[in-house]
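See structure below.
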């Protein structure tokens with residue numbers, strides 16, 4: 001006859017402790033990966049929105065500037081320097097105003113309507129008038145191009161889009 005064995009089934013306290021420590025380490029690693037992915041997503045999403053806003057404002061400026069003739073420009077910056085304002089009359093006799101206000105917001109207004117925000121946090125004056133040699137000019141009759149520089153800084157992240165629009169003769 002065989003002797004009866006006195007062994008109970010289960011885990012020892014040491015085995016349970018080791019498994020809990022391993023699960024804790026895996027949880028911390030998993031949390032770190034998820035947090036890193038969330039931060040990366042938020043950063044990429046913010047950059048995408050920032051660039052979209054600037055491109056959308058630039059497209060609107062492009063559409064408006066395509067119909068400008070030099071004689072329809074109402075204000076030209078002194079000495080050909082960059083300016084915060086662009087004002088012109090369209091061929092259909094509407095007056096369009098663009099301005100970068102003191103807060104760095106590019107705004108648009110048609111005739112006596114209300115100002116509409118296009119893009120915020122612009123860090124430099126956006127408009128400059130250029131002659132046929134792409135040199136800055138303050139003389140209306142010499143203007144061949146309008147340079148638009150939308151330089152935006154959001155959370156120490158810079159994005160700059162610069163285009164030159166041909167002014168009709």
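Only the coordinates and a few stated rules stand behind these numbers; no lab work does. Quick caveat, the model's predicted, so the values are computed rather than measured. Note: ideal-geometry Cβ built from the backbone for every residue, glycine included; neighbour counts use all protein chains shown.
With n ≥ 4 as the cut-off for DSSP H runs, can you work out [θ] at 222 nm for the chain, using -39500 (n - 2.57) per run divided by the number of residues, rounded to the nearest 500? Write down the numbers at each step before the final one.
Numbers: 1 runs with 53 residues, N = 169.
That comes out to -12000 deg cm²/dmol.
Quote the relative contact order of the chain in percent (integer), defining contacts as alpha-carbon pairs under 8 Å separated by 6+ residues.
Details: 262 pairs, mean separation 31.0, N = 169.
Relative contact order of the chain: 18 percent.
Evaluate the Debye formula for the stretch 94-169 with equal point scatterers sitting on the alpha carbons, no solvent, and hand back log10 of I(q)/I(0) at q = 0.12, 0.16, 0.19, 0.21 Å⁻¹, in q order, two decimals.
For the requested q values the scattering log ratios are -0.40, -0.69, -0.89, -1.00.
How long are the three semi-axes of the equivalent ellipsoid for the chain, computed from the Cα gyration tensor as the root of 5 times each eigenvalue, in whole Å, largest first?
Computed over the chain, the values are 66, 14, 12 Å.
Which residue, 88, 11, 145, has the most motion in a Gaussian network model of the chain that connects Cα atoms within less than 10 Å?
Result for the chain, Cα springs under 10 Å: 11 fluctuates most.
If you take the square roots of the eigenvalues of the alpha-carbon gyration tensor of the stretch 129-169 and sort them as a ≥ b ≥ c, do you get rounded (a/c under 1.5), prolate (a/b over b/c) or oblate? It would help to have the intermediate numbers written out before the result.
On the way: a/c = 3.97, a/b = 3.05, b/c = 1.30.
Prolate, because a/c is 1.5 or more and a/b exceeds b/c.
Helix 13-65 sits at what angle to the longest principal axis of the chain, using alpha carbons and giving 0 to 90 degrees rounded to 10?
Computed tilt is about 10 degrees.
Work out the FRET efficiency for residue 131 and residue 168 from their Cβ-Cβ distance, taking R0 = 22 Å, and round it to the nearest 0.05. Before the final figure, lay out the partial values.
Values: r = 15 Å, r/R0 = 0.68.
For residue 131 and residue 168, the calculated efficiency is 0.90.
Between residue 22 and residue 44, what is the FRET efficiency for a Förster distance of 35 Å, r being their Cβ-Cβ separation, to the nearest 0.05? Don't skip to the answer; put the middle values down first.
Working: r = 33 Å, r/R0 = 0.95.
That pair, residue 22 with residue 44, gives E of 0.60.
Springs between alpha-carbon atoms under 10 Å, Gaussian network over the chain: tell me which of 95, 17, 83 tops the mean-square fluctuations.
Sorting by GNM fluctuation, first place goes to 17.
Pick from 37, 85, 94: which is most flexible by mean-square fluctuation in a GNM of the chain where alpha carbon atoms under 10 Å apart are linked?
Looking only at 37, 85, 94, the biggest GNM fluctuation is shown by 37.
Binning at 5 angstrom from zero up to the longest distance, how are the C-alpha pair distances of the stretch 1-95 distributed in percent?
2, 9, 9, 9, 8, 6, 6, 5, 5, 5, 4, 5, 4, 4, 3, 3, 3, 2, 2, 1, 1, 1, 1, 0
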